[in-house]
Each structure stands twice: as structure tokens, then as C-alpha cells.
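All remarks here apply to the structure that follows.
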Amino acid sequence: MRFSPILLRCGFLILTCCLQAQQTESNSLSIQGFQKFSEAFVLSQVQESLRNAGDFTVFAPSDKAFQQLEDRFLLLHPGNIRKLKTLISYHIVAGQFTASRILQALCQGEGVAVFTTIQGEELIATMEGVDIVLTDCQGNKSRIVMADTTSENLVFHEIDQVILPGPPIP
């Protein structure tokens, strides 16, 4: 029996991800490295929408990545709450998508998985080497650098860049 190279690769990646997944429990978004995103999450009032609404996956930019965007757009300023809510909502997908489940979706989609964020726009996942890469509406790419941190009804994946909904933030 012959297996396609993509199926073999996906099987290997699922196994690797399962072996390397970090399962930690936390009661808040303020876990190491997510302080800026946590602050934006609370300020945007998105957490109110998520309470008792089921399970969600959060693609959380590292503090360094979020700070680069904040320096350009001052999103944490009280006058920018609407833009901030749009941005934060674009980082959240309904359902618990562990790295293993994302890899399964990639295998089923022959290397591409499309997720609809709670903001309403699509986020595309692909593979580059052994990395899961997210591509936003504007074509910007971000890699998942740490997967499967959990908190109550949330699964977090740390990403190395902020992903942006379209159209561009003015």
C-alpha cells in the first residue's frame, strides 16, 4: 500500500505536535508573554462576549509582537476601543483547535485550513516546513511558536506577529 507524501508528513507532524504539546492550566489570559494581549483583551471587552459561550481558540501575539503594533497605532488608547475589539476578535476562533486538530484540518484540506474568526473574517493556516503559519486578510504571515496552552474554555497558541483583519487599520 502506498501513502501520499502529504499524508505521511501530516501523520508525522501530528505525532510530533502531540509529543511536544504543552498542556498548562491558568485562570487568566495573563500568562507569561501575553500581558499586552491580555490588557487589550480586557480593554476591548471581548471577554464579555466569550463568557459561557463555549470553547474558543486564541492566537495570541507575544508581547514583543503586540508592542510593535501598539507603537504604530496606539490601540490601547481609550478612543480606539472599536478598532481594538475588531483586532482582538480577529485573533479568536470558535472551538478548541489544538495544534493536533489544526494539523488534522491541514491534512483534510490538502495543506490548507480556513478558519472563520469571531470577527467574521477568514484566517488561513498552512505549513512551512514544520511550522503552522497563519495568513491574515492582508497577506501578513505569523507562525505559531508555542502551542496548546489552556485556560478554562480557551486554547492559546502564541504567534510571532499580530494578524490583521482587512481592510488595513488606518
Please report the net charge: other residues with Cβ closer than 13 Å to the Cβ of V112, K and R +1, D and E -1. -3
By how many nm would the segment from T116 to Q68 grow when fully extended, if each residue of separation counts as 0.36 nm and the alpha-carbon distance is taken off? 14.8 nm
Taking N as the number of residues in the range 48-155, what value does Rg over Cα atoms divided by 2.2 N^0.38 Å take? 1.09
Add +1 for every Lys or Arg and -1 for every Asp or Glu among the other residues with Cβ under 14 Å from the Cβ of M146, and state the total. -3
So, over other residues within a Cβ distance under 13 Å of I102, counting Lys, Arg +1 and Asp, Glu -1, the net charge is 0
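Bear in mind these aren't lab numbers, they're just calculated from the coordinates by the rules spelled out. Being a predicted model, the structure only gives us computed values, none of them experimental. Don't worry about glycine lacking a Cβ; one is built from the backbone with ideal geometry, like all the others, and counts go over all protein chains shown.
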